[in-house]
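Quick notes on the structure that follows.
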Amino acid sequence: MMKNSNKGNGNMKKWFRSGSPWIWLSAGGVSISLISVLGLLWLIASKGLSYFWPADLHQFELLDEKGVRTTVIGEIYDRERIPASQLAHTGIKLKPNQETIERLLIKTGNRELVSLDFRWLLVPQIQSMITPEELVVIERRTNGNFYGYIDALVLDGKEVALSQLPQLQERVDEFQEQIEALQKTDIGAINYKLERLRLKERKHTLDNSLTPELIQRFEKSTEKLKNEYLQLEKKLMALRDEISRDQLIVRAMDGQQVTINFEHILQINYNNQMGLLDRTLMFMHQVSAFIVDDPREANTEGGVFPAIFGTVLMVLLMTVIVSPFGVIAAIYLHEYAGNNALTKLLRIAVINLAGVPSIVYGVFGLGFFVYMVGGSLDQLFYAETLPSPTFGTPGVMWSALTLAILTLPVVIVSTEEGLSRIPAAMRHGSLALGATKVETLWRIILPIASPAIMTGIILAIARAAGEVAPLMLVGVVKMAPNLPLDGNFPFLHLDRKFMHLGFHIYDVGFQSPNVEAARPLVYATALLLVTIIVSLNMTAVSIRNKLREKYRMLEH
Amino acid sequence: MTIAHNSSGTRKLKNSLAKWLITLGGISVLFTLVLIFMYLLYVIKPIFDSAKIESTVSFSTKKSNEISKVALSVGLDELKEVAYTIYNNGMVDFYQLKTTPEHKVGHKILSTNVLAKSNQLRLVVDSGVYLKLLVDSQNNIQLITPSFKATYTEDAREIIPSISYPLGNENLILDEKNKGLSQVAFAMTEEKAMFVAFTEDNRLIKTTLLAEDDFNYDPAFETNYQEIDFSHNIVDDILVTPDLTLAFVRSGNLVSVFELDDEDDVVLKAEIISATELTTMALLSGGSSILLGDSQGTISQWFEVAAENGRQFKEIRTFTTSNNEAVDLIVTEQFRKSFYTLTSSGVMDAFYTTSEAQLWQGSIGNTQPEAFVISPRADGLLLINDNKLELFSVENEHPEVTWSALWQEVWYEGYPEPDFIWQSTSGSDDFEAKFSLVPISFGTIKAALYAMLFAVPIALTAAIYTAYFMTPGLRKKVKPTIELMEALPTVILGFLAGLWLAPLIENYLPAVFLLVIFLPCSTLLTAFVWHQLPKEVKNNLPETLAPILLIPVLLLAGYAAFSLSPVLEQYVFGGDMRQYITNELGINFDQRNALVVGIAMGFAVIPTIFTMTEDAIFSVPRHLTSGSLALGATQWQTLIKVVLLTASPGIFSAVMMGLGRAVGETMIVLMATGNTPILDWSIFQGMRTLAANIAVEMPESEVGSSHYRILFLAAFVLFVFTFVFNTLAEFIRQRLREKYSSL
């Protein structure tokens, strides 16, 4: 007996001294990191994707302690367990040993009838839960979703059969598209031209070169544009009359009847009647709508197209600025710089540019680019728009410039790494054959290093797509009325403000008027951003790995 | 050969041109960094400049054969283009201060007499910038306001002055008994005008004029006379606060403070007794502080603070004139808390009270001027002495910011004691902006330290295992996955921390503490169980697969912790752990606190530390490890005593770069904390960091103001901090690389 326990103790001591427990603890560090990364991605994916999946619509019958019966219709958003004592004040009856109560978060929509469109239901109070087939969710342009039953369909004042619903919806959709094209493209172009005329006139006034014939010319053009506008306005009114012709009469959960005009309806779905195939199709439709549509309801609904567009455009501009700059700096550091103090200083500068907090770049961009450079540009070239600034205010160009400086070190480091992997033999061979240094660079070195340069650019893009702090100061807005690229001359408007996916997440999550409604949208946008950035990174890493393999073989 | 020769000229040219261009491009990287540094300094520098005061315009107000008159008061318009003087013979003269197409400097635009007969003016009392109360030798009292109208012609602007009477043209009867007044003070709002005066027969009276409508439109009023219970026979100075609540009456070295808002009775609120001989008294802008000047050249500032037995007037700070001469006059600015002192030999000092800054000192003449005034926008000084009118320009943009005001405790008006406060804006107009960088720097350090507390153990242990114990196959998969963390935008980490993690921690608070125990214990338990397993199983599941084996174990431990949390909360903490720690332990709990930030920012910093530590450990030459193992050490002993020691500079520099990153992080802190600028180490309280502060306040600050420049200063502090850390880390890593290549 004693021997065994001695052996047992000896075993433990030996195990301890071998260091094995510490090794396992350090392995635990790896596991925790892995769990957190993968867990985070899974969390965003599941919460983000569930936003698009058409959920079941339920009807709940509740009975509370006072004997009041209520009916609630909606989608289940969340469920949680809370300690029973936190609800003790509601007077709810608990089972003898019950420590926790489960509750469900239901989205009830119907913003015109109830004050909050989300509601918590306590599971013990739920008498019954059914999923009737006729329950419908109506997605609208204003006031959010409506959940209820369709009572009647009214076409031009007369009640008609519900089977005509799809055709009426299609008709309204077509007209809405025409209205939007009319407003955004045609009328927008006229407004833009009118503004440019005004600025031209003001410029002449400031230069004292306004002659009576010029005045007459401007007046004539303005007249013409105004007439065009009146024509378009008439067309718009006619279209508006068309879409307000039909209505839908629906019944909400408390029995109230509401009339919804077709012009407000985007989609009508009988979620409970959809099978797996229908739901998958609906899912894909929602995902594409998210990417292609404009936002509605103060960014709490709709799509994120302007944010995607703004991010892409800004990143493209930034790439155009940073690529030549970064590649040239890397070439200098690798090919031309001597082994002296200046080079050491330069390398320190590159490291520091990488380490400076991004907000400092934002501050620098705001003070130097926006106010100093932009202000001077305004004084020199855009004096006629003053006091309203053109470039002396945050915009897409200054954002691109600021982010170019921020991502410069990424491009430099990556390009340098690519240049250093090229065997010296290639350079020597080319120089020995009589090529100048620049020819060697241009014809031999750069083409071989181009995958590394591309890696650097992709990493820079991934970084720029995710940086928000500096952009908050130099050009991003919550809601941009128009895109920086449109059909009006000069087509690319570098002075306009834009929307950004990362900032959109911050804004919708923390500065939106209806946090519960906005939350799923935040997850969906986060999922989109993470997908873009992770795929960019993985592309860059795989290119880099392939390069390493290729050069390992070259060196042998 | 021939081809090369023919085009060698252009090729050589292209080569040199390219070389210059590329060199320029390379150097411009250094240039960018220097530009950022210089620009930040350029914006910051003005806040540390002292005031610049210089004489710009001066001329004589006396024509050759006029008799000398004594000036009792001067004033000027907002644009410093027209000045006016009120003489003791009742004349009010307006002079041109700026050359316009119509007039030259010194031209007398207007001259009017405000006294009915040829009486002598005895007293002119100011209130605010424009109101002047005139008392003449026959005890006729008038209230006048010089007003200025700007008219615009082709290219120029002309200011046309005039005099208006806000309380009507008739004489004001301020004393019921119609005795002469030896001292008067007053203040006026739209609804009331209050006068406190000391009469010739030693009575202290208070007279209130109640507007029938609004004094801005209608001078009609009702009068209410009151007498104040006052036992002293002399009164040297009287002051009334602009909000009509207090009157300060100085008799010698005693200042009596009276409450004026009661219509029935005037109550003596406090008495301030000075140890030294007082010479003058003035009210600071805002009407809360009183400045007392004495014969030794000391000016003391007093305001009310909350003490144990109610609110009391306390001496807060003192200032001394530059030549220690007696203070003859203290003149305060209208909108800022700065003041000027004048001595009898013409020496002037400018001070700012809150930051205890001495802004300027020098001489503005040989004697004290007859009349002295600060321009309405505090950008000029006007004085008249011996018929010479002189205008000074004052450049004093940022008096409230000094190095000590930014970093030391400051005693603000209304606070019981000096404190570190950051409060840059508020809703009311009489707000004093409080700029102390200490709470927000503290917040930065607190956030960084908590982040390192979470990140360093996990990152170091993960790096050690990955670099040293892991098989190459597994390493190829694990390393990129962990490096993926670096690519995640911090916006996403921040929003998850604020919207998901913070409520989760708040609801499952016991789970957090359970996890700290469960995770290591379950790891050790798994280690022990594995150790006891038979050899065949051990061969199939080698120790090198430990990270993978641990994943389900840790997940299970986490699930257990979260399931037990409500039970624990119910039984041990009475149903709500939050309330328990607030009520029983006295620790305040904020939903978005340092714990949430620590976890979220730790997550963001882990990949930075991991990558570099892993690199450092992996690059330790193999022969050191082999040698140690050959001599009989275990794997772990080799690791601790040989490998880690050799790689320690690399590990140190990795931690420093992680710290640098944590200090500069903006979005996570912005979204996961309450952004409260408090000085509290508690893990359950929020904080405000330098970076988040800049992001929040910069879009709303006025360009060029002190606030704007201080935000740039915060950015500069961050810049210098990360510069020092990154450069140091890079030096260490360079030395390490050289050391390895020699090993």
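Results, tabulated for the structure shown:
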read-out: Extreme residue, nearest to the other protein chains (Cβ to nearest Cβ), among residues of the stretch A:305-346 that are touching an Asp or Glu at 6+ places or on another chain (Cβ under 8 Å) and over 19 Å from B:Leu21 (Cα atoms); value: A:Pro306
read-out: Close pairs (6 angstrom Cβ cut-off, 6 or more residues apart or separate chains): at pLDDT below 75 in the stretch A:1-27, polar (S, T, N, Q) and surrounded by 12 or more Cβ atoms within 10 Å (Cβ to Cβ) anywhere; value: A:Ser18/B:Thr634
read-out: Unique residue being more than 10 Å from chain B (Cβ to nearest Cβ) and either aromatic (Phe, Trp, Tyr) or within 27 Å of A:Met372 (Cβ to Cβ) (or both) when the list is A:Leu446, A:Leu473, A:Leu431, A:Leu485; value: A:Leu485
read-out: Identity of the residue in the stretch B:594-636, away from chain A (no Cβ under 11 Å) and in contact with a Lys or Arg (Cβ under 7 Å, 6 or more places away or on another chain), that ends up modelled with the highest pLDDT; value: B:Val605
read-out: Residue in the stretch B:479-494 that is closer than 22 Å to B:Ala557 by Cβ and in contact (Cβ under 8 Å) with a residue 12 or more places away in the chain present; value: yes
read-out: Criterion: surrounded by 12 or more Cβ atoms within 10 Å (Cβ to Cβ), touching a helix residue (DSSP H, G or I) at 6+ places or on another chain (Cβ under 9 Å) and not aliphatic (A, V, I, L, M) - qualifying residue of A:Glu242, A:Glu219; value: A:Glu242
read-out: Answer residue from the stretch B:310-323, given it is closer than 12 Å to B:Gln361 by Cβ and open to solvent by 50 Å² or more (accessible area, probe 1.4 Å) and is modelled with the highest pLDDT among those; value: B:Thr320
read-out: Answer residue from the stretch B:581-630, given it is in a helix (DSSP H, G or I) and of a type in the set (S, T, N, Q) and is nearest to B:Pro677 (Cα to Cα) among those; value: B:Thr582
read-out: Unmet criterion (only one of (1) within 24 Å of A:Gly466 (Cβ to Cβ); (2) in contact (Cβ under 8 Å) with a residue 12 or more places away in the chain; (3) not β-branched (Val, Ile, Thr)) for B:Pro699; value: (2)
read-out: Within the stretch B:465-516, tally of residues that are within 9 Å of another protein chain (Cβ to nearest Cβ), open to solvent by 30 Å² or more (accessible area, probe 1.4 Å) and either outside any helix (DSSP H, G or I) or at positive phi (or both); value: 0
read-out: Per-region count, the stretch B:420-451, residues open to solvent by less than 60 Å² (accessible area, probe 1.4 Å), touching a His at 6+ places or on another chain (Cβ under 9 Å) and assigned to a loop (DSSP other than H, G, I, E, B); value: 2
read-out: Evaluation of B:Ser648 against (1) among the polar types (S, T, N, Q); (2) outside any loop (DSSP other than H, G, I, E, B); (3) open to solvent by 40 Å² or more (accessible area, probe 1.4 Å); (4) touching a helix residue (DSSP H, G or I) at 6+ places or on another chain (Cβ under 7 Å) (one fails), failing number; value: (4)
read-out: Condition met for B:Ala527 (closer than 21 Å to A:Leu38 by Cα, in a helix (DSSP H, G or I) and open to solvent by less than 40 Å² (accessible area, probe 1.4 Å)); value: no
read-out: Test: B:Gly674 is touching a Lys or Arg at 6+ places or on another chain (Cβ under 8 Å), within 13 Å of chain A (Cβ to nearest Cβ) and farther than 15 Å from B:Leu437 by Cβ; value: yes
read-out: Top-ranked residue in the stretch B:664-682 [being assigned to a helix (DSSP H, G or I) and open to solvent by less than 10 Å² (accessible area, probe 1.4 Å); ranked as farthest from B:Leu499 (Cα to Cα)]; value: B:Gly664
read-out: All positions within the stretch A:202-237 that are over 19 Å from A:Gly188 (Cβ atoms) and of a type in the set (A, V, I, L, M); value: A:Leu206, A:Leu210, A:Leu214, A:Ile215
read-out: Which numbered condition B:Leu718 fails, given (1) open to solvent by 40 Å² or more (accessible area, probe 1.4 Å); (2) closer than 20 Å to A:Phe364 by Cα; (3) touching a residue at least 40 places away in the same chain (Cβ under 8 Å); value: (1)
read-out: Only listed residue being more than 7 Å from every other protein chain (Cβ to nearest Cβ), surrounded by fewer than 22 Cβ atoms within 10 Å (Cβ to Cβ) and not polar (S, T, N, Q), chosen from B:Ile732, B:Ile710; value: B:Ile732
read-out: 2 or more residues within 23 Å of B:Leu181 (Cα to Cα) and open to solvent by 50 Å² or more (accessible area, probe 1.4 Å): qualifying strands (runs of 3 or more DSSP E) within the stretch B:74-170; value: B:121-127
read-out: Hits in the stretch B:532-557 (condition: over 16 Å from A:Ser26 (Cβ atoms), free of Cβ contacts under 8 Å to residues at least 12 places away in the same chain and either assigned to a helix (DSSP H, G or I) or touching a Phe, Trp or Tyr at 6+ places or on another chain (Cβ under 6 Å) (or both)); value: B:Gln532, B:Lys535, B:Glu536, B:Val537, B:Lys538, B:Asn539, B:Asn540, B:Pro552, B:Leu555
read-out: Wholly within the stretch B:292-409, strands (runs of 3 or more DSSP E) carrying at least 3 residues that are on the phi < 0 side of the Ramachandran plot and among the basic types (Lys, Arg); value: B:310-320
read-out: Among (1) closer than 21 Å to B:Trp302 by Cβ; (2) in contact with a strand residue (DSSP E or B) (Cβ under 6 Å, 6 or more places away or on another chain); (3) surrounded by 14 or more Cβ atoms within 10 Å (Cβ to Cβ) - the single one B:Glu271 does not satisfy; value: (3)
read-out: B:Met687 vs. criteria in contact (Cβ under 8 Å) with a residue 12 or more places away in the chain, part of a loop (DSSP other than H, G, I, E, B) and open to solvent by less than 30 Å² (accessible area, probe 1.4 Å); value: yes
read-out: Among (1) more than 14 Å from chain B (Cβ to nearest Cβ); (2) open to solvent by 20 Å² or more (accessible area, probe 1.4 Å); (3) more than 29 Å from B:Ala487 (Cα to Cα) - the single one A:Ile457 does not satisfy; value: (3)
read-out: Residues of the stretch A:492-550 satisfying the condition of being in contact with a Gly (Cβ under 9 Å, 6 or more places away or on another chain), within 11 Å of chain B (Cβ to nearest Cβ) and outside any helix (DSSP H, G or I); value: A:His500
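For (1) out of contact with any Lys or Arg (no Cβ under 9 Å at 6 or more places or on another chain); (2) open to solvent by 90 Å² or more (accessible area, probe 1.4 Å); (3) of a type in the set (D, E, K, R); (4) modelled with pLDDT of 90 or more, each residue gets a yes or a no:
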| site | (1), (2), (3), (4) |
| --- | --- |
| A:Leu155 | no, no, no, no |
| A:Ala161 | yes, no, no, no |
| A:Leu165 | yes, no, no, no |
| A:Glu170 | yes, yes, yes, no |
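The values are calculated or read from the model by the stated rules, or taken from the named source; none is laboratory data. Quick caveat: nothing in here was measured; it's all calculated off a predicted structure. Because the Cβ atoms are built from the backbone with ideal geometry, glycine has one as well, and the counts that use them run over all protein chains shown. Just the protein is used for accessible areas: all its heavy atoms, side chains included, with ligands, DNA and RNA removed. Shrake-Rupley method; radii C 1.70, N 1.55, O 1.52, S 1.80 Å.
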